Structures are given as C-alpha cells and as structure tokens.
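What follows is a single structure, written as structure tokens, with notes after it.
The values are calculated or read from the model by the stated rules, or taken from the named source; none is laboratory data. Everything quoted here is computed from the prediction, not taken from an experiment. Here the Cβ positions follow ideal geometry from the backbone for every residue, glycine too, while neighbour counts run over all protein chains shown. We work out accessible area using only protein heavy atoms, side chains counted, and drop any ligands, DNA or RNA first. Shrake-Rupley method; radii C 1.70, N 1.55, O 1.52, S 1.80 Å.
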Amino acid sequence: MGSNVQMAGSLKEFGLGIWIADGPIVTAAAGFHYPTRMAVIGLSGGGLFIWSPVELTNELRADVDALGVVRFLIPPNSLHHVFLADWQRGYPDAKVYAPPGLREKRRDILFCGELGDTPAADWADDLDQVVVRGNRITTEIVFFHRASRTVLFTDLIQHFHAGWFKGWRALVARLDLMVAAEPSVPRKFRAGFTDRRAARAALQRIHGRPKEC
C-alpha cells in the first residue's frame, strides 16, 4: 500500500482520556484513496496506547510526547501497518502487538505478542477487545475504551461522504455501501465472511458491552 500525502492534523481531544489525529491519505488496491486516523489513549496505569498509528510527523510526535510515554503500538488489523515501522523506530521501547496475519506480512517489525480476545494486563483496566474472526479479507480487533465509552472499528464499518470517491470508484463505493446514509459494513466485507458462526459470536460480544459503560 503506497501513500499519497496530505497535511496531517495534530491531536484533538475526542473524549475522556482519548485523542485522535488524522494522517495522510493512502492509496490502496485499484487506486482507491482512504483517509487515515489514529487514536491515543491514556492508560490509568501510566503511558499511552497508540491505536492504528498514522504518519509520525514532528508535530504529531511533539503532541504525543506532551501527553506521556508511548508504551504500546497497536495495529488493529493486517491492513493498518503502513506507518508502524516508523513508530517502532521512533519509540523503540514501546511494545508492538500483532493482529492475526500481520506478523507474516511484516517480518521487518519486532512484535512482542499477539492480539486476542483477552486484553493484555497492561491495558485491561481501560480497554476491552474482541477479535472478529472468519473474514478472508482481514481479521479485525475491535476495542472498547471504557472511560470515553468509545468503540474503535477500522475497516469493518465505513462511512465516506458522497463526494469522497470520483469516477467509477464512486459507483463502486456506492454499491459497496461505503457512502451509505449511515456507517455500514461494506458489502465486500459481508461477502468476505467465510465463518459466519465465528463472526456472529464476535458480534454478540460487541453488542454485549455494558450499557452503563
């Protein structure tokens, strides 16, 4: 996956203990352009949890360092890894965890563990997680941040404004439900589920989040 760079935004507070930053646009298969966005979560035990890292600019690094020490770098699926190596070089003491399928794809990155259905003890007080298995495109880890009541999805739920894609790609995006009126699971991901029992089990866990959280 290559990148088509625009100006990356600095951190913006999204909720209690969570910040987001927009990164550059990346170019994927068939020339489809996608925006990038990361989340920074302050852990109650100290340090920062970086979800889906975007391009590490000097501005972004200064903003992140002002919040605390980067302890964890977390790609949520095997598609969100373009900028991961830069972050590992920039923060060599941070631990990187691999979602299913990424360790084989990025042998240049040193992973210290695998992401599963049980959150690591270092972030279990702040985040829960569910592995959405059974899709041939990618296996995504969905995170739930308790303090801000935020659920973090990546590719399994998409929502682009109607003018984002141009030409024939706009037609494909409309048919794929990528530009639907509300956030939707793209049709390609719906068709990509080869183990629907596993997917339903994950969905039940996601829907089972405590309503008061």
Go through (1) in contact with a Lys or Arg (Cβ under 9 Å, 6 or more places away or on another chain); (2) at pLDDT below 95 one by one and return the number of the condition residue 95 breaks. (2)
Exception for residue 137 within (1) open to solvent by 60 Å² or more (accessible area, probe 1.4 Å); (2) more than 29 Å from residue 47 (Cβ to Cβ); (3) among the aliphatic types (A, V, I, L, M); (4) out of contact with any Leu (no Cβ under 9 Å at 6 or more places or on another chain) falls at (4)
Selected residue (only one of 84, 16 is under 13 Å from the mean Cα position of the chain (by Cα) and at negative phi): 84
Looking at the range 95-115, which of its residues are crowded, with 20+ Cβ neighbours inside 10 Å and of a type in the set (Gly, Ala, Ser)? 98
Working carefully through the options 139, 118, find the one that is under 18 Å from the mean Cα position of the chain (by Cα) and free of Cβ contacts under 8 Å to residues at least 24 places away in the same chain. 118
Limited to the range 161-179, what total is found for residues that are buried (at least 17 other Cβ atoms within 10 Å of the Cβ) and under 23 Å from residue 136 (Cα atoms)? 5
Inspect all residues belonging to the range 32-44 and state whether any of them is at pLDDT 95 or above, open to solvent by 10 Å² or more (accessible area, probe 1.4 Å), over 22 Å from residue 139 (Cα atoms) and out of contact with any strand residue (DSSP E or B) (no Cβ under 9 Å at 6 or more places or on another chain). yes
Of the residues 22, 65, 117, which is touching a Lys or Arg at 6+ places or on another chain (Cβ under 7 Å), of a type in the set (D, E, K, R) and on the phi < 0 side of the Ramachandran plot? 22
Restricting attention to the range 151-162, does a residue exist that is more than 30 Å from residue 126 (Cα to Cα) and either touching a strand residue (DSSP E or B) at 6+ places or on another chain (Cβ under 8 Å) or free of Cβ contacts under 8 Å to residues at least 40 places away in the same chain (or both)? yes
Would you confirm whether any residue within the range 119-136 is under 30 Å from residue 160 (Cα atoms), small (Gly, Ala, Ser) and in a strand (DSSP E or B)? no
In the range 47-78, which residues are without any contact (Cβ under 8 Å) to a residue 60 or more places away in the chain, within 21 Å of residue 140 (Cα to Cα) and assigned to a loop (DSSP other than H, G, I, E, B)? 53, 54, 55, 75
